[in-house]
Amino acid sequence: MKKITRRSFLAAAGVSAAALALTACGGSSNSAAASTSTAASSTAASAAGDATAAANDPKVTLVYAEVNPLDTIVGQTATHFKEKVEELTGGSVVIDVQASGVLGSENDVLDAILGGSTSIDMSRISAFALTSYGCNKSKLLSIPFTFENRAHFWNFANSDLAPEFLNEPQELGLPVRGVFYGEEGFRHFFTVNPVSGIDDFKGLKLRVSNDPVMNGMVEGLGANPTVVSFGELYSALQTGVVDGAEQPIANYKSNAFPEVANNLILDGHTLGAIQAVITDNAWGKLTENQQAAIMEAGADTQAFNADLSETAENKVLEELRSSGCNVVDVDDKAPWQEACAKVISENTSDQAELYQQLLDMKA
């Protein structure tokens, strides 16, 4: 099958997206884990078959792509999902987690699976990654300063609105479906040279993944967005190709970025919302019992991630401070929000009502 790029998918999805548009995008994590209404559990409830009956079904191995190491929040989330699936299916479904980006960047993986590759069955992606393929609802999850705190995000993820976002790829005819939501902590900028506030960002070359929202945010800060693949970011910081980048705290440490950019400013511009997706090809290889087990494991993993993320992030931040990382707190985020006002408006005006629903879910 000919490889389908993000650009060609946008063109193909344009008519579907237009049709959809006419008809329709820091608190405690314990309360989120205790919620009885989640996007994943909602889907699991409707899945056919008995998950525990899957043990006698034909053996299937699903390759799961993860760009970060296993010791990160998303890496631990992948491991938990693997263990839960294999437990619920009695081993008839094995999840082969390929971490640390060995299968490529998120965009590489998405290009491959949406282009028909069958070598990857599942992937953990940033919630906004499917935006380039026409998933405009997902884009709203990456708008700067949308979520005030973790509780705000989990109010969304555990709401009746979440499945509408999670199922968007299927509505657009993309050959993947969402399994569960999670988050990897708030995203912050880090730089090679010390910065003390927003004024120090003017003129800096900041790494982006060529996402329109990210580009607009960096430009709003007076910096220059510079496209660099995640796998090349360490060397780009080391050689001066870029002056800084942004990541969740746990990923910043696990990828050894403090070695080359030991200055972290806690602006918390977005919450790193994530989701796991499975290809239609892989889904079709599963029995109804196995499909039910996948969705049940997804619901369990979503709750696991809610419990894990805040505790893990706080632990890593303490380690960074004690190891000599120059961590700069941001007491007043108003200037940052003002700098992002244009990109927020430009990327939410066509879905203003849906975006307001997200904002109204604050804790």
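The values are calculated or read from the model by the stated rules, or taken from the named source; none is laboratory data. Here the structure is a predicted model, which is why all the values come from computation and not from measurement. Here Cβ is always computed from backbone atoms with ideal geometry, including for glycine, and neighbour counts include all displayed protein chains. Accessible surface areas use protein heavy atoms only, side chains included; no ligands, DNA or RNA. Shrake-Rupley method; radii C 1.70, N 1.55, O 1.52, S 1.80 Å.
Using the average count of surrounding beta-carbon atoms within 10 Å as a protection proxy, the listed peptides 162-172, 53-63, 235-245 rank, highest first, as 162-172, 235-245, 53-63. Computed over the Cα atoms of segment 232-363, pair by distinct pair, the Kirkwood hydrodynamic radius stands at 18.5 angstrom. Panel values: segment 198-240, Kirkwood radius from alpha carbon pairs, Stokes-Einstein at 25 °C and 0.890 mPa s, translational diffusion coefficient 232 µm²/s.
Using Cβ point charges alone (K and R +1, D and E -1), the dipole size of the chain about the Cα centre works out to roughly 760 debye. Listed peptides 313-325, 125-137 appear in the order 125-137, 313-325 once ranked by packing, highest mean of other Cβ atoms within 10 Å at the front.
In segment 194-315, what percent of the accessible surface is made up of carbon and sulfur (1.4 Å probe, ligands and nucleic acids excluded)? Solvent-exposed carbon and sulfur of segment 194-315 make up 47 percent of the total.
Sorting 269-282, 217-230 by average packing, meaning the other beta carbons within 10 Å per residue, from highest down gives 269-282, 217-230. Given in Å, the Rg to one decimal and the Dmax to the nearest whole number for the Cα atoms of the chain are 19.7, 62.
Please give the Cα centre distance for segment 258-308 versus segment 92-122, rounded to the nearest Å. The two parts, judged by their Cα centres, are 14 Å apart.
Database remark: amide H of residue 60 closer than 5 angstrom to the amide H of 93, 94 (H placed geometrically; neighbours at sequence offset of 5 or more, or on other chains; Pro and chain starts carry no H). Taking a label point 7 Å from the Cα of residue 210 along the Cα→Cβ vector, which residues of segment 88-109 have an amide N closer than 15 Å to it? Within reach of a label on residue 210: 105-109. So, in nm, how far is label residue 235 from label residue 96 when the simple model puts each one 7 Å beyond its Cα toward the Cβ? Here the answer is 2.7 nm between the modelled labels.
Using the Cβ of residue 190 as centre and a radius below 11 Å, the other residues enclosed give a net charge of 0, where K and R count +1 and D and E count -1.
Placing one identical point scatterer on every Cα of segment 238-314 and ignoring solvent, what is log10 I(q)/I(0) from the Debye formula at q = 0.16, 0.17, 0.18, 0.19 Å⁻¹? For the requested q values the scattering log ratios are -0.78, -0.83, -0.86, -0.90. Calculated [222 nm] ellipticity per residue, helices only, for the chain: -13000 deg cm²/dmol; basis is -39500 (n - 2.57) per DSSP H run with n ≥ 4, divided by all residues, nearest 500.
What segment 215-293 shows is 31 Å² of accessible area per residue, with the surface traced by a 1.4 Å probe over protein heavy atoms.
Rounded to the nearest 0.05, what FRET efficiency do residue 56 and residue 319 give with R0 = 51 Å and r taken as the Cβ-Cβ distance? Could you check? Between residue 56 and residue 319 the formula returns 0.65. Taking 16 Å as the cut-off, the amide N atoms of segment 340-363 that come nearer than this to a point 7 Å along the Cα-to-beta-carbon line of residue 334 belong to 340-341. Computed from backbone phi, the HN-Hα couplings of segment 263-274 come to 10, 10, 10, 8, 7, x, 5, 9, 8, x, 5, 10 Hz, rounded to whole numbers (Karplus: 6.51 cos²θ - 1.76 cosθ + 1.60, θ = phi - 60°; Gly and Pro given as x). Whole-Hz Karplus values for segment 191-202 come out as 9, 6, 9, x, 10, 10, x, 4, 5, 6, 8, 4 Hz, taken residue by residue from phi with 6.51 cos²θ - 1.76 cosθ + 1.60 and θ = phi - 60°; glycine and proline positions read x. Near residue 222, once Lys and Arg are set to +1 and Asp and Glu to -1 for all other residues with Cβ below 10 Å from its Cβ, the sum equals -2.
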